[in-house]
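Undergrad: One structure, pasted below without further comment.
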Amino acid sequence: PSPPGEESRSLDSLESFSNLHSCCPSSSDLNSDAEEAVAAGPAPEPEGERPAAGAQLLSASKERFPGQSVYHIKWVRWKEENTPVITQNENGPCPLLAIMNVLLLAWKIKLPPMMEIITAEQLMEYLGDYILDAKPKEISEIQRLNYEQNMSDAMAILHKLQTGLDVNVKFTGVRVFEYTPECIVFDLLDIPLYHGWLVDPQVADIVKAVGNCSYNQLVEKIISCKQSDNSELVSEGFVAEQFLNNTATQLTYHGLCELTSAVQEGELCVFFRNNHFSTMTKYKGQLYLLVTDQGFLTEEKVVWESLHNVDGDGNFCDSEFHLRPPSDPETVYRGQQDQIDQDYLMALSLQQEQQNQEINWEQIPEGISDLELAKKLQEEEDRRASQYYQEQEQAAAQVQQVQGAASPASGRQSGSNERKRKEPRDKEREKEKNSCVLL
């Protein structure tokens, strides 16, 4: 229902989107002005310099339309058709972009060919036009009234798509969210909304502690349990808090299995995780997230990223889901870096086992991240290596003193003995180098 005191708006109120044509520049105006700005500048750059030209286009458009959010468009070959994807800058409105990319990949909304940049206002304009065109034609009076009520509620929160939506997950199902007006937008557009933050039903104590709570309710329950005099409630609150801490990535393996089962083959949907909305699909039983980071704008072959574990280290794929690593090392995604850190940690662990030297794990605090643990292991390894070389140098110095005191020799003879002493040490150092684990 609409907020108290606010009159229910009819479907006709959506026509206010038409006014955006008068206050916002059209797509052709935006791109033509940017092209003129580029044309007035230096001569056209070769194909390899397109990122610089794209940056110049974006800069020109921001000067032409100050105060408006401007986004790059990446054109990909999707199912044999040239299809646009809206890329996201550092502070982009991810709900709006995720929804628009679903509609663009489904060809329900089409942009002018070769369009390279677009504003948030234009995206809202396209979305509003689509909602108007998607109005059911032949429905009963009751269905029409229900649709118009949903439309009115959705209209009240559409502006939030540019900043963020109030979405509150429940831990019992991948499609289970606490009811909020924001969820109506996805129902109205017929776009499924998923999450993967689920409790494993086989872990009884966590199931009991979490229950049917939403995230907000669970946080309140934890605070209440901590202040209780009942030891059972205190224990339950501790279990719930541990669950939130241990699943800080907001995706569990049980949730990933449920997601893989629930999402239909070829379905285009929105995935919610870590307060971020992503466009998701399923291909041959595997889940993929659309790569919308603006850093991949020139990576035409990087379109999807696999979602196969909870750590976020997916594999990049092209539009046909063939493995395609980025050509530019500078654009390596954070998820790939996470995998590097984990591999590094594993290599160090194996190296420690090979040397049969144990670390006092009791001194390592709980909840330490993989990267911090890897750093600690590396510091310990560096310390041991430094100690080893110091011992070798001290032993060599003692040998030199003994030999020098026993038989003082000429400079040539001393140099010959020095070479003989250095050779074993050099071999030892070379052996130490060869024993390192290559990543």
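The values are calculated or read from the model by the stated rules, or taken from the named source; none is laboratory data. These figures come from a predicted structure and were not determined experimentally. Note that we place each Cβ from the backbone using ideal geometry, even for glycine, and neighbour counts take in every protein chain shown. Ligands, DNA and RNA are excluded from the accessible area calculation, which covers all protein heavy atoms including side chains. Shrake-Rupley method; radii C 1.70, N 1.55, O 1.52, S 1.80 Å.
Undergrad: Assuming 1.306 mPa s and 10 °C, estimate D for region 237-307 with Stokes-Einstein, Rh taken as the Kirkwood radius over Cα pairs, in µm²/s.
TA: Working: Rh = 13.8 Å.
Diffusion coefficient, whole number: 115 µm²/s.
Undergrad: I would also like to ask the following. How about region 250-329: which trypsin sites (Lys or Arg not before Pro) there lie in a loop by DSSP and see at most 12 other Cβ atoms within 10 Å? All intermediate terms of the calculation are to be shown ahead of the outcome.
TA: Details: sites: 273, 282, 284, 301; in loops: 284, 301.
Passing sites in region 250-329 are 284.
Undergrad: First select every other residue whose beta carbon is under 13 angstrom from the beta carbon of residue 265; then total the charges, Lys and Arg +1, Asp and Glu -1.
TA: Working: positive: 282, 284; negative: 267.
Neighbour charge sum, excluding residue 265 itself: +1.
Undergrad: On to the next question. In the full protein assembly as shown, how much of residue 144 is accessible to a 1.4 Å probe, in Å² to the nearest 10?
TA: It works out to around 80 Å².
Undergrad: Hey, any idea what % of region 109-256's accessible area is carbon plus sulfur with a 1.4 Å probe? It would help to have the intermediate numbers written out before the result.
TA: Numbers: 3930 of 7480 Å².
Heavy-atom surface of region 109-256 belonging to carbon and sulfur, 1.4 Å probe: 53 percent.
Undergrad: In region 109-205, what chymotrypsin sites (Phe, Trp or Tyr not before Pro) fall in a loop by DSSP, with at most 15 other Cβ atoms inside 10 Å? Walk me through the numbers on the way to the answer.
TA: On the way: sites: 126, 130, 147, 171, 177, 179, 186, 194, 197; in loops: 171, 179, 197.
Answer in residue order: 179.
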